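Just so it is clear, none of the values below were taken in a lab; they were calculated from the coordinates. Here the structure is a predicted model, which means the values were calculated and not measured. Glycine also receives a Cβ, built like all others from the backbone with ideal geometry; neighbour counts cover every protein chain displayed.
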Amino acid sequence: MNPPLLLGIAIVCIITAGIALWIFGERGKLLRNSTREWFTNKHWKPKGKVLNAIHGYLYMRWQNQYIKYFIIQMGKIAPQSMRRLITDRYHAKVLPHEQAKAIIKVNQSISRKDLDQIVPYPIARDFLIKAPPEIIVYECGCRNARKTHCEPTQVCMWIGQPYIDFILEHNPKTAKQITKEEALQLLEEEHDRGHVHTAWFKDAMQERFYCICNCCSCCCAGIESMRKYGVQSMSSSGFLASINTKYCTMCETCAGLCPFQAITIHPDQMTVNAEKCMGCGVCVDQCPNNAIKLIRAPAKGIPFDMRVFSDAKGL
């Protein structure tokens, strides 16, 4: 099946779902308040935005099914050009642990639209968050899409409006609002498990940041697309892992834990593949000998750092 046909089928499905939504409402009743708010948001008024609004509705309303069938299954059968088309509209920025915590700790409202160098994709580059941030924890669509998956599954943190109200109203059994302290604890627990913090952007989510995921290499569709199909669905944190051979004991812990398979075992030393390394920092805190650190790598892009964003002087 060629890419244009696949794209045509996807568009028809989105339009059909949108028509059914408006005619029949949700569960045979009038539209819920959060649905009405989503579709009447001024962001969707410009020409060509209606499909994005419907797309975003489907993504939030049935995320598990969306990721399982549209992202994972489509990724298996779609040609490379179609995979890249999806990536351009659904992608992430890797976050070292401290930067992920900095987003949760935001203490002033931040709005940025100059993320071109930070998120090197053609769309979805805006960041908008009000302080203190509203946070919910939601079921991970990637983990739930797998027959066997990592636990826990409630590890995706959605941040800000209108996402919070929509998900809580539509999925009260699989989402709950949490405090800043609970969010920080979840980040710590996932970091200790060797999982990667990622900040996600999507055109159908009003073309801006909306979620922090805690990704495991065995379940995450984004990591899978990179390792299996060479599709760069995630951009580097802007850092690179560096191993100090003086302290390295060749225990191989880092190689086994690296989500991006960037650390190679040699007879006399461990080496980091600079092209594969995404600067997530998982290896840093998991190394029993403190032999690894993250260093700035300008060629890997600019870090997504709230401590810089909150500075009125900018980047």
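So, counting K/R as plus one and D/E as minus one, what does the shell of residues with Cβ under 12 Å around Leu187 add up to?
Result for the local shell: -3.
Between Asp268 and Leu31, 0.36 nm times their residue separation minus their Cα-Cα distance comes to what?
78.9 nm
Report the label-to-label distance for Lys228 and Gln261 in nanometres (one decimal), using points 7 Å from each Cα along the Cα→Cβ vector.
If labels sit at Lys228 and Gln261, their model points lie 1.2 nm apart.
Could you put Asp192, Asp126, Asp268, Asp305 in order, starting from the residue whose Cβ has the fewest other Cβ atoms within 10 Å?
Ascending number of Cβ neighbours within 10 Å: Asp268, Asp192, Asp126, Asp305.
Between Gly194, Gly48, Gly238, find the one with the highest GNM mean-square fluctuation for the chain; connect C-alpha pairs within less than 10 Å.
Looking only at Gly194, Gly48, Gly238, the biggest GNM fluctuation is shown by Gly48.
Semi-axes of the equivalent ellipsoid of the chain: what are they in whole Å, largest first, if each equals the square root of 5 times a C-alpha gyration tensor eigenvalue?
Equivalent ellipsoid of the chain: 34, 22, 18 Å, largest first.
Got the relative contact order for the stretch 73-191 handy, in percent, Cα pairs under 8 Å and 6 or more residues apart?
23
From Cα pairs below 8 angstrom and at least 6 apart in sequence, can you work out the relative contact order of the chain, rounded to a whole percent?
This gives 20 percent for the chain.
Can you list the GluC sites (Glu not before Pro) in the stretch 164-262 that are in a DSSP coil and have 12 or fewer other beta carbons within 10 angstrom?
Qualifying residues, ordered by number: Glu252.
Below 15 angstrom from the Cβ of Met278, what's the summed charge of the other residues (Lys, Arg +1; Asp, Glu -1)?
Computed value for this residue: +3.
Could you tell me which residue out of Thr253, Asn171, Ser235 lies farthest along the dipole of the chain toward its positive end? Charges go on the beta carbon: Lys and Arg +1, Asp and Glu -1, centred on the Cα centre.
Asn171
Going down the table (Lys68/Lys276; Lys42/Lys176; Lys147/Lys180; Lys93/Lys276; Lys101/Lys228; Lys49/Lys113), which pairs top 20 Å between alpha carbons?
Lys68/Lys276; Lys42/Lys176; Lys147/Lys180; Lys101/Lys228
Out of the stretch 234-315, which trypsin sites (Lys or Arg not before Pro) are coil in DSSP terms and have no more than 12 other C-beta atoms within 10 Å?
Sites meeting the loop and neighbour criteria: Lys246, Lys313.
Taking the stretch 37-118, which trypsin sites (Lys or Arg not before Pro) meet the DSSP loop condition and have no more than 10 other C-beta atoms within 10 Å?
Loop-located and lightly packed - Lys47.
When only C-alpha pairs under 8 Å and at least 6 residues apart count, what is the relative contact order of the stretch 32-142, in percent?
In percent, rounded to a whole number, it is 24.
Within a 10 angstrom radius of the beta carbon, how do His91, His266, His97 rank from fewest other beta carbons to most?
Ranking His91, His266, His97 by Cβ neighbours within 10 Å, fewest first, gives His266, His97, His91.
Could you size up the charge dipole of the chain around its Cα centre, putting +1 on the beta carbon of Lys and Arg and -1 on that of Asp and Glu, and report it in debye to the nearest 20?
The calculation lands at about 920 debye.
Across the Cα atoms of the stretch 239-296, what radius of gyration and what greatest pairwise Cα-Cα distance (Dmax) are found, in Å?
Cα-based Rg and Dmax for the stretch 239-296 come out at 9.8, 28 Å.
Please give the peptides 211-221, 154-164 ranked by average Cβ packing (other Cβ atoms within 10 Å per residue), highest first, as a rough proxy for protection.
The densest-packed peptide leads the list: 211-221, 154-164.
When a/c is below 1.5 the answer is rounded, else prolate if a/b is larger than b/c, else oblate, so apply that to the stretch 75-166 with a ≥ b ≥ c taken from the square roots of the Cα gyration tensor eigenvalues.
Cα axes put the stretch 75-166 in the oblate bin.
Order by neighbour count: Met278, Met74, fewest other Cβ atoms within 10 Å first, most last.
Met74, Met278
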